[in-house]
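Taken together, the values in this text are just the output of simple stated rules run on the coordinates, not laboratory data. Note that the coordinates shown come from a computational prediction; the quantities given were computed from them, not determined experimentally. Note: ideal-geometry Cβ built from the backbone for every residue, glycine included; neighbour counts use all protein chains shown.
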Amino acid sequence: MSEAKEFLNRLNLAEKDYSGAPSTMCQGCGHDAISASIRKAFYDSSIDPKQVIKLSGIGCSSKTPAYFLGKAFGINTVHGRMSAVATGAIVANHTLLPIGVSGDGDTSAIGLGNFCHMIRRNLNFTYIIENNGVYGLTKGQFSATADKGTALKKGKINQNEAIDLCELAITMGATFVARSFSGDRKQLAPLIQAALAHKGLAILDVLSPCVTFNNHEGSKKSLKNIRAHLDPIHDIDFMPGAELIEVDYKKGSETEVVLYDGSIVTLKKLHENYDPMNKMGAILELNQAKTDGKFLTGLIYFEPNRPTFTEQLDIRGTALAYLPEDKLRPSIKHLDAINKKLSM
Amino acid sequence: MSTINDVNICIATPNGSGSASANNILFKSIFKMGIPCSSKNMFPSNIQSMPTWYEIRASSAGFGSRKDVIDVMVTFNPETGASDVGKLRENGLLLYDTGACEESWLSRNDIQKIGFPATELSKQIPNAKIRSKLRNMIYVGVISSLFGISREVLIAVLRDTFGDKPEVIESNLMAIELGSKWVEENQVTQDICTLVTIEGGNKGKILSDGNTCSALGAIYGGVSVVAWYPITPSSSLAETMEKYLPELRMDEDKNPTYAVIQAEDEIAAAGIITGAGWAGARAMTATSGPGLSLMNEMIGLAYFTEIPSSYFIVQRGGPSTGLPTRTQQSDILSMYFASHGDTRHVILLPHDLQTCFEFSKLCLDLADQLQTPVFFASDLDLGMNIRPSEPLELKSPSLNRGKLIHEKDIEAQGNQFRRYFDLDGDGIPQRTIPGNQHPKAVYFCSGAGHNADAKRSEDPGDYKELLDRLLKKNHTARLLAPQPLVETSETSRIGMISFGSSVEAVREARHRMNQDGIKTSHLTLLALPLSPLVKDFIQKHEITLIVEQNRDGQVASIVRMDWPELAQKIDSVLVYDGLPVTAGSVHRLSMEKLGGKLL
């Protein structure tokens, strides 16, 4: 009994309480590893699945919300439009914790416009991109994040510049931008925890090799090539705010980022002088990494305290979706006054 | 022969020249005199300098549609002067500025002409900056003196319009008086019409447009999320909401009970209301044809996953950019079958200010009740042209949220909940929203094939069952949506059906046909899918004419699809030049159609 209890989190939930339907991804797909990190992040942060909403667009990645947090409401939307649907859902109920999973086609091609505008609004939302550089569900065409010079399985070479979603997100005004790798749960899970604790929009661009259509020689997003060129900027650890009072937390020499809910992200620098709160510095480092053929990972950019979209709209208290009728309808007295005014 | 309170005045100006304000003052003055009146603004897709026409109709019989005969033409636009003169009826009256007139305008000998020196007179306006704009108020002065609008009425209207700006009232009044004094000093008269105050006429009536009343209706209908993208002629609907919401929808802590989001495009606007509807908000967007095209994919998602959402479509002339500032009813089928696959939607068809107000709430209600996108189909004429109406009346007291269930409901039914199961046999399942804490409440909403338990399914049986249930729900809507208004005459062999902004013109056309000895019955269509009452109506008449403002008879095609056996009993009267439909055109086309059949 006491042994079993060790595996329960603060809500007395086990990690399996954060599972969903069995995955239908290809065996070895990076997306499954990301789902596992998402489960672990929610479990470690002791978040009640009933308080969570899951969203996605269309594509392999967008199927995955069915494979975690089966006890949370979820919606699988339209290709490229998760950002718009999430905007509506979050405005309708700002009291819930939203997480979205999109793919590189979904986000960087068909949905790029809506993605940019969601960022501008600083929606309070954790947006994960499972980035493999190809369209999987339609069997292996280039996406807009395909690296220049990378080859398709059938040999076609991509001549176009890749869209760097992290760089774009920073430029568009994102307040939390991270990159990670599906196979690095040690880095990814705490990054997801931090993203969930962040007040505002958190973009996580997660490299996730497509083992079926983009894992060959010549592909820059093959498992082998990604592993060989990962360049973490720091080792990361996450401590949920609620647990700080329960443990004897010792401040170390690492950089600490305190999140809105009191959670602490500790970043042990691997890149000298890297400051995740320096916007121009972050963009320069991303560019340098691209030149060097490396994948910079970690919390790339962070800006606390910017008002979220619902704060800008002054939405507080009861969710709009739960307002009772008397709050939703003006009085007859007001209508009489309007009629009077319109009657001149 | 001079009439009393029967005149159609057309004012031709370049747009952006300040004429809108002058025309408004003139129209409101006639309204204030208690005379039945209406106005039509025929404006270009442009901000400044292109031709625009404003028609003001006084009708002692109380007909409010656009009149097809112009009794008085005010030519203040050099670009269109020559053709404007040509539009004037025989013995009509031409009013023009002698300082901005071309000889060719004056060649007609079958009309009355009054030239007045507006440009010259405007030089007396001390403020040079506003001189050219106030030049328009001079024709207001000329018309008021010629036709009998008193100074008191004009002052009252100026006060209503510019209430808190005494200097604006004064400068406008000065310009008006330059015109009226010129008429008096030169002892100019006309014998077209005299406007005579009707005591108690228009008492209590409001003057507004459909977009304003739709916006107010949605606010009173408990809308909580509005997402929109600017597009003519629907922008003013969303903007009116933005104007009234802060005043009407703050809670006791001064927090808004709504959100208005100007989206980056119509795709996002549709996405936002779909997300909001899924999460439980009363959500709506407003757009016109091009926006509707962009929203199609999202409408399919909401239809297939049964998410309430309201689409307010203010129709304009299409396809493509088409005539963005002109009116049309040509998006009926685009709404009815919006999106890909087997879809069929519910459309509400308001036709006056009260139905604009009432149906807005109803749209939100029906979206919740039927758990589907519901369309509110207005058009530019109804949405943007100012008209009188009885005061807006709140008829349905409470909001209808349909089968939205909460924790206690699930408990009460034995802790059971199946999202897509047809529990009541009406095709409408129960619905839960995120935030519901009951362990059975959760479901995964997906636009992919799914079964009654919201589990993803590619099973042919599940798929067909779902499509059939969605159709059943649409059949339920035939009786749930507002039923048509039927006005039958026992002796009539001819039926007429109209909807939206055509209804008023058809009323007048039927009056004229009656004067010709042709009795007709009428059905005002208030919603699609068609009510069985429409079938009864068509069956009862030898021939039924369906009046529509589109080229292809879109509602008629729905009638034929629903009841192919009635195909021989209907015909179409189609008016689609982009201008507000006139009784004259409906009358003429109806007679042409009937000519070979009955007469």
Exercise for review: Take each of the peptides B:194-200, B:305-311, average the number of other beta-carbon atoms within 10 Å over its residues, and list them starting from the highest.
Suggested key: B:305-311, B:194-200
Study note, to complete from the structure: Computed from every Cα-Cα pair in the stretch B:197-328, P(r) in 5 Å bins starting at 0 and rounded to whole percents is 2, 11, 19, 20, 18, 12, 8, 4, 3, 2, 1, 0
Point to revise | For residue B:213, net neighbour charge (Lys/Arg +1, Asp/Glu -1) across residues whose Cβ lies under 12 Å away | key: -3
Revision key, fill the gap. Note on the stretch A:20-72: contact order normalised by length, alpha-carbon pairs under 8 Å, 6 or more apart, percent, works out to 57
Check your understanding: ³J(HN,Hα) across the stretch A:288-297 via Karplus (A = 6.51, B = -1.76, C = 1.60, θ = phi - 60°), whole Hz, x for Gly/Pro?
Key -> 4, 4, 4, 4, 7, x, 10, 10, 5, 10
Review point. According to the square roots a ≥ b ≥ c of the eigenvalues of the Cα gyration tensor, what is the shape class of chain B, taking rounded for a/c under 1.5, prolate for a/b larger than b/c otherwise, and oblate for the remainder?
Key: prolate
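As a test, work out the antiparallel percent of DSSP beta bridges whose residues both lie in chain A, rounded to the nearest 5.
Values: 19 of 49 bridges.
The antiparallel fraction comes to roughly 40 percent.
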Point to revise | Cross-link partners of residue B:203 among aspartates and glutamates (Cα-Cα below 12 Å; sequence separation of 8 or more within a chain) | key: B:390
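May I ask for the net charge around residue A:260, where only other residues with Cβ less than 14 Å from the Cβ of residue A:260 are counted and Lys, Arg are +1 while Asp, Glu are -1? Could the numbers behind the result be given before it?
Values: positive: A:199, A:306; negative: A:261, A:303, A:311.
Cβ neighbours under 14 Å give a net charge of -1.
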Study note, to complete from the structure: Taking placed amide H atoms and a strict 5 Å upper bound, the residues 5 or more places from residue B:374 or on another chain that come that close are B:309, B:310, B:311
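Could you pull out the pairs from A:16/A:294; B:28/B:165; A:16/A:199 whose alpha carbons sit more than 24 Å apart here? Don't skip to the end; give the middle numbers.
Numbers: A:16/A:294 35 Å; B:28/B:165 18 Å; A:16/A:199 27 Å.
In this structure, A:16/A:294; A:16/A:199 lie more than 24 Å apart at Cα.
What is the stretch A:43-200 by shape, rounded, prolate or oblate, if you read a ≥ b ≥ c off the alpha carbon gyration tensor as root eigenvalues and call it rounded for a/c under 1.5, prolate for a/b larger than b/c, and oblate otherwise?
Values: a/c = 1.68, a/b = 1.59, b/c = 1.06.
Prolate, because a/c is 1.5 or more and a/b exceeds b/c.
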Review point. Toward the positive end of the charge dipole of the protein assembly as shown, about the Cα centre and with charges on Cβ (Lys, Arg +1; Asp, Glu -1), which of B:470, B:520, B:258 goes farthest?
Key: B:470
Review point. Under the definition of partner shielding as Cβ atoms of other protein chains within 10 Å of a residue Cβ, what is the mean value for peptide A:66-76?
Key: 5
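Please average, across the residues of A:313-319, the number of beta carbons from any other chain that are within 10 Å of each residue's own beta carbon, and give a whole number. It would help to have the intermediate numbers written out before the result.
Numbers: counts 7, 5, 6, 4, 4, 3, 7.
Other-chain Cβ atoms within 10 Å of each residue's Cβ, averaged: 5.
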Exercise for review: At 20 °C and 1.002 mPa s, grab the translational diffusion coefficient of the stretch B:361-469 from Stokes-Einstein with a Kirkwood Rh over Cα pairs, rounded to a whole number in µm² per second.
Suggested key: 128
Practice item. Pop out the ³J(HN,Hα) list for the stretch B:356-365 in order, Karplus 6.51 cos²θ - 1.76 cosθ + 1.60 with θ = phi - 60°, rounded to Hz; leave Gly and Pro as x. Key: 4, 5, 5, 6, 5, 5, 4, 4, 5, 4
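For the stretch B:3-202, calculate the relative contact order in percent as a whole number, restricting contacts to Cα pairs under 8 Å that are 6 or more residues apart. Display every interim value, and only then the final one.
Working: 391 pairs, mean separation 52.2, N = 200.
For the stretch B:3-202, the relative contact order is 26 percent.
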Practice item. State the three equivalent ellipsoid semi-axes of the stretch B:1-122, derived from the C-alpha gyration tensor as the square roots of 5 times its eigenvalues, in descending order and whole Å. Key: 22, 18, 13
Practice item. Determine the dipole magnitude for the protein assembly as shown: charges of +1 sit on the beta-carbon of Lys and Arg, -1 on that of Asp and Glu, nothing else is charged, the reference point is the Cα centre, and the result goes in debye to the nearest 20. Key: 700
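Relative to 2.2 N^0.38 Å, what does the C-alpha radius of gyration of the stretch B:485-595 come to as a ratio? Two decimals please. Intermediate values should be presented prior to the final figure.
Working: Rg = 12.6 Å, N = 111, 2.2 N^0.38 = 13.2 Å.
Expressed relative to 2.2 N^0.38 Å, the Cα Rg reads 0.96.
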Practice item. Starting from the amide H of residue A:270, placed 1.01 Å from N in the peptide plane, find each other amide H under 5 Å away whose residue is 5 or more places distant or on another chain. Key: A:234, A:235
Point to revise | Cα-Cα P(r), the stretch A:2-322, percent of pairs per 10 Å interval | key: 6, 28, 37, 22, 6, 0
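Using Cα pairs under 8 angstrom and six or more residues apart, how large is the relative contact order of chain B, in percent? Walk me through the numbers on the way to the answer.
Working: 1301 pairs, mean separation 71.8, N = 599.
Over chain B, the number comes to 12 percent.
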Study note, to complete from the structure: Rounded to two decimals, the Debye log10 I(q)/I(0) of the stretch B:3-202 (Cα scatterers, no solvent) at q = 0.17, 0.18 Å⁻¹ is -1.18, -1.34
Review point. Can you pull out the cysteines in chain B that have no other Cys Cβ under 4.7 Å?
Key: B:10, B:37, B:101, B:193, B:363, B:445
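Can you pull out the GluC sites (Glu not before Pro) in the stretch B:466-507 whose DSSP state is coil and whose Cβ has at most 10 other Cβ atoms within 10 Å? Intermediate results must be reported in sequence, preceding the final value.
Details: sites: B:487, B:490, B:504; in loops: B:490.
Filter output for the stretch B:466-507: B:490.
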Practice item. Kindly write out, for the stretch A:25-40 in residue order, the coupling ³J(HN,Hα) from the Karplus curve 6.51 cos²θ - 1.76 cosθ + 1.60 (θ = phi - 60°), rounded to whole Hz, with x marking Gly and Pro. Key: 6, 5, 5, x, 4, x, 4, 5, 5, 5, 4, 5, 5, 5, 4, 5
Point to revise | Solvent-free Debye scattering, log10 I(q)/I(0), computed from the Cα coordinates of the protein assembly as shown at q = 0.10 Å⁻¹ | key: -1.11
**Study point:** Residues with amide H under 5 Å from that of residue B:546, placed H, sequence gap 5 or more
**Key:** B:497, B:571, B:572, B:573
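Could you compute the net charge surrounding residue B:350? Neighbours are other residues with a C-beta less than 11 Å from the C-beta of residue B:350; K and R count +1, D and E count -1. Numbers along the way, then the final one.
Working: positive: none; negative: B:352, B:358, B:379.
Local net charge: -3.
Could you tell me whether the stretch B:407-480 comes out rounded, prolate or oblate from its Cα gyration tensor? Rule is a ≥ b ≥ c as square roots of the eigenvalues, rounded for a/c under 1.5, then prolate if a/b exceeds b/c, otherwise oblate. Don't skip to the answer; put the middle values down first.
Numbers: a/c = 2.19, a/b = 1.30, b/c = 1.68.
Oblate, since a/c reaches 1.5 and b/c is not below a/b.
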**Study point:** Bridge type composition, the stretch B:485-595 - antiparallel percent by DSSP, nearest 5
**Key:** 20
